[in-house]
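Student: One structure is given below, represented as C-alpha cells, and several questions about it will come after.
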Amino acid sequence: MKLAFSTATHRDAPELAELHSAVALDLTRRYGRGPWSSLTSEKGVLLAMRHSHVLVARKGGVIVGTLCLPTKKPWAIDVSYFTVAKKALYLISMAVLPSMQRQGVGRALLAEAVRVARGWPADAIRLDAFDAEAGAGAFYARCGFREVGRVVYRKAPLIYFEALL
C-alpha cells in the first residue's frame, strides 16, 4: 500500500477530528464505553498541533492514520518505569481509520515516527496503551515496543511501552 507521510497543518484539523472521532465511535461500538470513547473536536486537534509534531499518513490524499509526538513529556506518564534515556519522545493519540486497520497503516506510521525521532534526535519512544480488549498493547508489542510496566491512571488500566532507538 502506498502511503504518503507529512506533518499535519491547520487545514488538516477537521479531517483529523473526524478520524479520531470515528475511531472512538468504532471502539465504543465494539467494546462498550470506556476511556477510548471520547470524541475529538477540531479545537482539540489544533491544541495538539501547538504542542506536538502531528504526523499523518495519507492514501490518495485522504488522511488514513495519525499520531502525535509531543515536544514535552505528557504529565500523566510516570518516567520511573522507563529505561534512562537522554532524550525520549512520547507517542500519543495514534489513530487509524477503522476501514484501514489491519492493512499496515499503523505499522508504517510507527516506522515513520521512529525515523522522525532519530532525526530529532531522540534515543527512545515511549507510550501507553489501554490494558483492555480495546487497547493496542498487542499491536505495539508486535511492532517491537517492549512492555515496561502497568499502571492505573484515573481508573483506566494502562500498559507502558518503550522502544530504544
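Student: Here's a check for you: in region 42-59, which residue that is farther than 16 Å from Thr7 by Cα and modelled with pLDDT of 95 or more is most open to solvent (accessible area, probe 1.4 Å)?
Tutor: Of everything passing the filter in region 42-59, Lys43 is most open to solvent (accessible area, probe 1.4 Å).
Student: Out of all the residues in region 32-45, which are assigned to a helix (DSSP H, G or I) and more than 16 Å from the chain's Cα centre (by Cα)?
Tutor: Result: Glu42, Lys43.
Student: When you go through Val114, Val151, Val96 one by one, which is the residue that is farther than 23 Å from Lys72 by Cα and touching a strand residue (DSSP E or B) at 6+ places or on another chain (Cβ under 8 Å)?
Tutor: Val96
Student: Right, next: If Ala134 satisfies every condition in (1) out of contact with any strand residue (DSSP E or B) (no Cβ under 7 Å at 6 or more places or on another chain); (2) at pLDDT 95 or above but one, which is the exception?
Tutor: Failed condition: (2).
Student: May I pose another question? Please go through region 23-40 and pick out each residue that is modelled with pLDDT of 95 or more and either under 16 Å from Ala57 (Cα atoms) or among the polar types (S, T, N, Q) (or both).
Tutor: Val23, Thr28, Thr40
Student: How many residues are more than 15 Å from the chain's Cα centre (by Cα) and aliphatic (A, V, I, L, M) if we restrict to region 131-156?
Tutor: So the answer is 5.
Student: Which residue, of Pro70, Pro121, is under 14 Å from the mean Cα position of the chain (by Cα) and more than 15 Å from Phe161 (Cβ to Cβ)?
Tutor: From the options Pro70, Pro121, the qualifying one is Pro70.
Student: Of the residues Ser93, Ser99, which is farther than 20 Å from Leu164 by Cβ and within 12 Å of the chain's Cα centre (by Cα)?
Tutor: After applying the criteria, what remains is Ser93.
Student: Could you give me the residue pairs with C-beta distances under 7 Å whose first residue belongs to region 1-19 and is over 15 Å from Leu47 (Cβ atoms), whose second residue is surrounded by fewer than 16 Cβ atoms within 10 Å (Cβ to Cβ) wherever it lies, and which are 6+ apart or on separate chains?
Tutor: So the pair list comes out as Met1/Gly104.
Student: Given the structure, is Lys72 out of contact with any Pro (no Cβ under 8 Å at 6 or more places or on another chain) and open to solvent by 70 Å² or more (accessible area, probe 1.4 Å)?
Tutor: yes
Student: Might you let me know whether region 10-28 holds any residue that is out of contact with any Leu (no Cβ under 9 Å at 6 or more places or on another chain), closer than 27 Å to Val152 by Cα and open to solvent by 60 Å² or more (accessible area, probe 1.4 Å)?
Tutor: No, every residue in region 10-28 fails to be out of contact with any Leu (no Cβ under 9 Å at 6 or more places or on another chain), closer than 27 Å to Val152 by Cα and open to solvent by 60 Å² or more (accessible area, probe 1.4 Å).
The values are calculated or read from the model by the stated rules, or taken from the named source; none is laboratory data. For clarity, every value in this text was computed on a predicted model and none was experimentally measured. Neighbour counts are summed over all protein chains in view; Cβ atoms, including those assigned to glycine, are modelled from backbone coordinates with ideal geometry. Note: areas computed on protein heavy atoms with side chains; ligands, DNA, RNA excluded. Shrake-Rupley method; radii C 1.70, N 1.55, O 1.52, S 1.80 Å.
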